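One structure below.
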Amino acid sequence: MQGSDKLREDLEKIRIQAVLAVDPFAAVLHHLELDAGRLVLGSRSWQADSLDHIYLVGIGKAACGMARAAAAVLGDRLTAGIVVARYAHPPGGGPPDGVRVFEAGHPVPDQAGVRASQAILDLLAGCAANDLLLVLISGGASALAPALVAGISLSDLQTVTAQLLHCGASINEINIVRKHLDALKGGQLARLAQPARLACLVLSDVVGDPLDSIASGPTVPDPSTFADVHRVLGEYGLLDRIPTPVLAHIQKGMRGEIAETPKPGEALFNEVENVIVGSNRQAAQQALETARSLGYNSLLLTTHLEGEARAAGKFAAAIVKSLRSQGGPAGLPACVLMGGETTVTVTGAGKGGRNQELALSAAIGIAGIDGAAVMSFATDGNDGPTDAAGAVVDGFTCRRAEALGLDPLVHLRRNDAYPLLEAAGDLLVTGPTGTNVNDLVVILVR
């Protein structure tokens, strides 16, 4: 077997095991338990048979798998539920009895998401003091369930969302804005569900697992303010570009004319239990163990990878060069792993995603180096607005592209990684995985 083929085969084994480690069905079953009639989650428990109703709301790319697991635990105790998932992320096996499934747009919200949000608002309005609301949150929820506020249209929200996604803002910064332009986010779902009790299971897709940022924190206190929204938009030069109704809404909030999101210390959160059931670290740790089982001297460098994707690609290439010249801390063959989520400041009109841009940048940096490969992929199977999860590149990716008349530097400059990687045979297309815990970068050197 050619050396590059062996590396790619090993990378695929690592990817599969990493994704399996954060299976949403298994994650919920591991954390939610019905024991002698008591429903247990984290430090809380509820006597299931004494509750009037148990409702379920699941939002995100992993919502269907999480909902099936929750329904399996609850059985006929589940009264009703709503699940909102991304298009082409099907429920797999059909939705549980009594659960309505909506499919909606991501990363830019659409009208289907607005309808789903209204269904959630209607369900919340019916919650009473002796009810339990089970909330299942995973990556993508911020876009999938847009609950419009007075004065801001869906078109306005779509415009500002697209602007934020293209300016290079981090997911934490984007979600600060989202929380103040939406009726469910930033702890507002918990507020609207009162006086019911809440149990929330979270599959994290945000670096560091901050509960207030994951899915824009619908069930947790929000420490950010309208003033923070103004600051974020100002830092990225968007204040003069966002729709007028959005700016007016923010200014009203800063003047106190619109209520702030619920803040830390508010009593409404006393009856809310939030538990993270899966994260990037779990996927990365499984990738590490798999690489070791394949004979690689392996190191998990970080699960906090952030910044511009092309800069992270250069860093990955630097790691390859260091391993080739110094052999790594334990010698070759070596595997270095990084987890997190990079960003792309879009200046061109090309096609791609952050993982593809990272991979192309790495390919340029390792051009001509034999016995090395870099894989960068989104654990949900969708990298940006494409059908690829990411890419696997090696020291001859650029040579293959150039033989077809493609210039890697030009494609990188135009944010146009997809067509070059496709032509070079290096795109990684997995289809939706049903989970979402950010991205992984895996570097192998033999």
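The values are calculated or read from the model by the stated rules, or taken from the named source; none is laboratory data. No experiment lies behind these values; they were computed from the predicted model shown. Because the Cβ atoms are built from the backbone with ideal geometry, glycine has one as well, and the counts that use them run over all protein chains shown.
Between residues in the range 243-271 that are of a type in the set (F, W, Y) and residues that are assigned to a helix (DSSP H, G or I) and at pLDDT 95 or above, which pairs lie under 8 Å by C-beta distance while being six or more apart or on different chains?
As it stands, the answer is F269/A190, since those pairs meet every condition given.
Being in contact with a helix residue (DSSP H, G or I) (Cβ under 8 Å, 6 or more places away or on another chain) and on the phi > 0 side of the Ramachandran plot is the filter here, so list the residues in the range 58-79 that pass it.
Within the range 58-79, just G60 meets the criteria.
Quick one: how many residues across the range 376-394 are closer than 15 Å to I366 by Cα and either surrounded by fewer than 22 Cβ atoms within 10 Å (Cβ to Cβ) or among the hydroxyl-bearing types (S, T, Y) (or both)?
Within the range 376-394, the subset closer than 15 Å to I366 by Cα is 376, 391-394.
So of that shortlist, the ones also either surrounded by fewer than 22 Cβ atoms within 10 Å (Cβ to Cβ) or among the hydroxyl-bearing types (S, T, Y) (or both) come out as 376.
Number of matching residues: 1.
Just need a number here: residues in the range 188-243 that are under 30 Å from L51 (Cα atoms) and among the hydroxyl-bearing types (S, T, Y). First the steps, then the outcome.
Here is the first cut: in the range 188-243, the residues under 30 Å from L51 (Cα atoms) are 188-204, 211-212, 214-222.
Then keep just the ones that are among the hydroxyl-bearing types (S, T, Y); that gives 204, 216, 219.
Going through the range 188-243 one residue at a time, the tally reaches 3.
Can you give me the number of residues within the range 137-157 that are of a type in the set (S, T, Y) and either surrounded by fewer than 19 Cβ atoms within 10 Å (Cβ to Cβ) or out of contact with any Asp or Glu (no Cβ under 9 Å at 6 or more places or on another chain) (or both)?
Narrowing the range 137-157 to residues of a type in the set (S, T, Y): 138, 142, 153, 155.
Right, trim to either surrounded by fewer than 19 Cβ atoms within 10 Å (Cβ to Cβ) or out of contact with any Asp or Glu (no Cβ under 9 Å at 6 or more places or on another chain) (or both) and you get 153, 155.
Looking only at that region, the number is 2.
What pairs can you find where one residue is in the range 400-423 and at positive phi and in the same structural domain as G384 (by TED's automatic domain parsing), the other is assigned to a loop (DSSP other than H, G, I, E, B) and not hydrophobic (A, V, I, L, M, F, W, C), and their Cβ atoms are less than 7 Å apart, with a gap of 6+ or different chains?
N415/T347; N415/G348; N415/G350; N415/G352
Has the range 235-249 got any residue that is surrounded by fewer than 23 Cβ atoms within 10 Å (Cβ to Cβ) and closer than 19 Å to V135 by Cα?
Looking through the range 235-249, none of the residues is surrounded by fewer than 23 Cβ atoms within 10 Å (Cβ to Cβ) and closer than 19 Å to V135 by Cα.
Tell me the residue from D212, D222 that is modelled with pLDDT of 95 or more, of a type outside the set (A, V, I, L, M), more than 24 Å from T435 (Cα to Cα) and part of a loop (DSSP other than H, G, I, E, B), please.
None of the others qualify; the one that does is D222.
Starting from the range 291-302, keep only residues that are free of Cβ contacts under 8 Å to residues at least 24 places away in the same chain, then list their pairs with residues that are of a type in the set (D, E) and in a loop (DSSP other than H, G, I, E, B) whose Cβ atoms are within a distance under 7 Å, requiring at least 6 positions of separation or different chains.
Sorted first by the residue in the range 291-302, then by its partner, the list stays empty.
Yes or no: the range 320-332 includes at least one residue that is assigned to a helix (DSSP H, G or I), without any contact (Cβ under 8 Å) to a residue 60 or more places away in the chain, in the same structural domain as T433 (by TED's automatic domain parsing) and not polar (S, T, N, Q).
Our first condition is that a residue be assigned to a helix (DSSP H, G or I); within the range 320-332, this holds for 320-326.
Checking the rest, the ones that are also without any contact (Cβ under 8 Å) to a residue 60 or more places away in the chain come to 321-322, 325-326.
Restricting the remaining residues to those that are in the same structural domain as T433 (by TED's automatic domain parsing) gives 321-322, 325-326.
Next, only the ones that are not polar (S, T, N, Q) stay: 321.
Looking for residues that are assigned to a helix (DSSP H, G or I), without any contact (Cβ under 8 Å) to a residue 60 or more places away in the chain, in the same structural domain as T433 (by TED's automatic domain parsing) and not polar (S, T, N, Q), one finds at least one in the range 320-332, hence yes.
Give A72, A36, A67, A48 a once-over and let me know the one that is more than 30 Å from V393 (Cβ to Cβ) and free of Cβ contacts under 8 Å to residues at least 24 places away in the same chain.
Working: A72 fails: free of Cβ contacts under 8 Å to residues at least 24 places away in the same chain; A67 fails: free of Cβ contacts under 8 Å to residues at least 24 places away in the same chain; A48 fails: free of Cβ contacts under 8 Å to residues at least 24 places away in the same chain.
After ruling out the rest, the residue left standing is A36.
Select, from V160, V114, V83, the only residue that is farther than 30 Å from L233 by Cα and surrounded by 16 or more Cβ atoms within 10 Å (Cβ to Cβ).
Values: V160 fails: farther than 30 Å from L233 by Cα; V114 fails: farther than 30 Å from L233 by Cα.
So the residue among V160, V114, V83 that is farther than 30 Å from L233 by Cα and surrounded by 16 or more Cβ atoms within 10 Å (Cβ to Cβ) is V83.
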